[in-house]
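S.K.: Structure in structure tokens, see below.
Coordinate-derived values only; no laboratory data. Quantities reported herein were computed from a predicted structural model and do not represent experimental measurements. Cβ placement follows ideal geometry from the backbone for every residue including glycine, while neighbour counts extend to all protein chains displayed.
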Amino acid sequence: MLKYFVETTEALLTAALLIGLMTGFAKRAYGKAGSIPMLALSLFGTGAAVVMAYLKNTTRKIDTSLWNLRIFMFSLSALGAFCVLALLAALLKKKLPRPAGIALQALASAALGVIAAGLLIYLLPDVFTNPYTILMTEKTVLSSAFLLKTIGILLGVLMVFLAGLAAYKALLRLQTWQALLILGPALIFNGLRQGANCIRIMQQKRIITRDFKYYHECFEIIKFTSNRDYLFTYAALCVSLLAPVFLLIRTFMNKETYKNPAEHRKIRKKKLVSRRWAVLSLLCTAFGVLTLTKLHAIANRKIELAPVENCIMDDSNLYIPFEQVQDGHLHRFAYTTEDNVAIRVIIIKKPNSSAYGIGLDACDICGETGYYEKDGQVVCKLCDVVMNINTIGFKGGCNPIVIPYSIKNGQIVIPFEGLLEYKKEFQ
């Protein structure tokens, strides 16, 4: 559960904060009507992300890299359009007729909506795909592992939604120039990130070749941004922190006048609500940082597989005595080929039975990452799926790959011939 919570939060947090800031600015600067294009395009982006997730999992028609390149190019174009339209709307606000001014503001809001839609179409499909991926290993939505992992995803979505909502509410309560002062750097950092991704994709797809005059400079940009992608994330978090900080300062320093106790209570209530949204925004950002650092380290901690045990071998078989593996714990053995490829095997005695679960230390879905024992359970190292020990030795899901073996004279006999056909899994 923790792993999927962390992955969801990492994927969506900065996007949620940026969309929250953009929505808050659109409503603050252009009013309720002016923010409608922004909201409509955000909803369109969510729907398009659902379609994209479906197509990615059911067809081969989606070239993810090229689609991402198109998304980034549209978003960067929308960023340029927003800068021009927002400047014109500010400069000509008092000179244009009211309908023309509203239309200009709606276009600026729509430009922000295109950026928001691009973020959603780029990031949400992988999140929507996660339950489908989990179901491939769990087989049923009623399994406890599926439910826990799905809860982790939903908690991550809830977390980033609250962070985005708090950023929106905080920016909405600031003055327009303060809102723009916060939104501007956030858009710039997002644009730089997407621009670097455009260069990377164009180089991967050979759109930018070595014949290009600035090929070396492009390569340096890709190298720098790929190795320091976290800088964009923390830059976005730092910028989003300005909204609640500015709001808290404003609630304490702005002394509004009032004519009677009723107006005084109204002002105090307004400030109290603003402080609560500011505090929530600070808490969400702080928890986001905690998730990206400490919880990420816990969820992705390296798990060491138990060492390979010694066993008897001859020219054609492995021989494992029952006494060596009858304690109910996971045991790992290996046959090393002439070209030094170690083909690993796991064996565990099934609970309340005299039978043994025997298979490769690899599966068809996750490859040769292996299995480990935790609290009496066998767990896949890559996807954290808990194996039903009674089904080890049978095909399906994330179960270990089935191998031929026989029982002779109180020993499990595993022929090398049956292992060699899976040599490629361990290379």
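S.K.: With a/c under 1.5 counting as rounded, go ahead and sort the chain into rounded, prolate or oblate using the C-alpha gyration tensor (a ≥ b ≥ c being the square roots of the eigenvalues; past the cut-off, prolate if a/b is larger than b/c, else oblate).
M.R.: In terms of gyration-tensor shape, prolate.
S.K.: Continuing with the same structure: Restricting everything to alpha-carbon atoms, can you work out Rg to Rh for region 111-254 with a Kirkwood hydrodynamic radius?
M.R.: Values: Rg = 20.0 Å, Rh = 18.5 Å.
My calculation of the ratio gives 1.08.
S.K.: As a footprinting exposure proxy, order Arg228, Arg250, Arg28 by other Cβ within 10 Å, with the fewest listed first.
M.R.: In order of increasing Cβ crowding within 10 Å: Arg228, Arg250, Arg28.
S.K.: Does region 312-426 come out rounded, prolate or oblate, given a ≥ b ≥ c as the square roots of the eigenvalues of its C-alpha gyration tensor, rounded meaning a/c under 1.5 and, failing that, prolate meaning a/b above b/c?
M.R.: In terms of gyration-tensor shape, oblate.
S.K.: Rounded to the nearest 10 degrees, what's the angle between the helix 36-58 long axis and the longest principal axis of the chain, both from Cα atoms, 0 to 90?
M.R.: 20
S.K.: Rounding to the nearest 10 and keeping the result within 0 to 90°, find how far the Cα-based axis of helix 144-172 lies from the longest principal axis of the chain.
M.R.: Once rounded, the angle reads 20 degrees.
S.K.: Another question about this same structure. Once phi is turned into θ = phi - 60°, what whole-Hz ³J(HN,Hα) does the Karplus curve with 6.51, -1.76 and 1.60 give for every residue of region 88-100, x standing for Gly and Pro?
M.R.: 5, 4, 6, 6, 9, 4, 8, 9, 8, x, 4, x, 5
S.K.: Okay, next question. Using only Cα atoms, find the angle between the long axis of helix 229-253 and the longest principal axis of the chain, and express it within 0 to 90 degrees, rounded to the nearest 10.
M.R.: It is inclined by approximately 40 degrees.
S.K.: So what is the 222 nm mean residue ellipticity for the chain from helices alone, if each DSSP H run of at least 4 adds -39500 (n - 2.57) and you divide by all residues, rounding to the nearest 500 deg cm²/dmol?
M.R.: Result for the chain, helices only: -21500 deg cm²/dmol.
S.K.: Let me ask something additional. Can you return the lysines within cross-link range of Lys269? Criterion is Cα-Cα under 17 Å, with same-chain partners fewer than 8 residues away left out.
M.R.: Lys169, Lys255, Lys259
S.K.: How do Tyr371, Tyr356, Tyr215 line up, fewest other C-beta atoms within 10 Å first?
M.R.: Values: Tyr371 30, Tyr356 19, Tyr215 13.
With the fewest neighbours first, Tyr371, Tyr356, Tyr215 line up as Tyr215, Tyr356, Tyr371.
S.K.: Same structure again: With contacts defined as alpha carbon pairs under 8 Å and 6 or more residues apart, what's the relative contact order of the chain in percent?
M.R.: 17
S.K.: Calculate, in nm to one decimal, what Arg228 and Leu283 gain on full extension: separation in residues at 0.36 nm each, minus their alpha carbon distance.
M.R.: Difference between extended and current length: 17.3 nm.
S.K.: Let me ask another. Rounding to the nearest 20 debye, state how big the charge dipole of the chain is about its Cα centre with +1 on each Lys and Arg Cβ and -1 on each Asp and Glu Cβ.
M.R.: Value, rounded to 20: 3780 debye.
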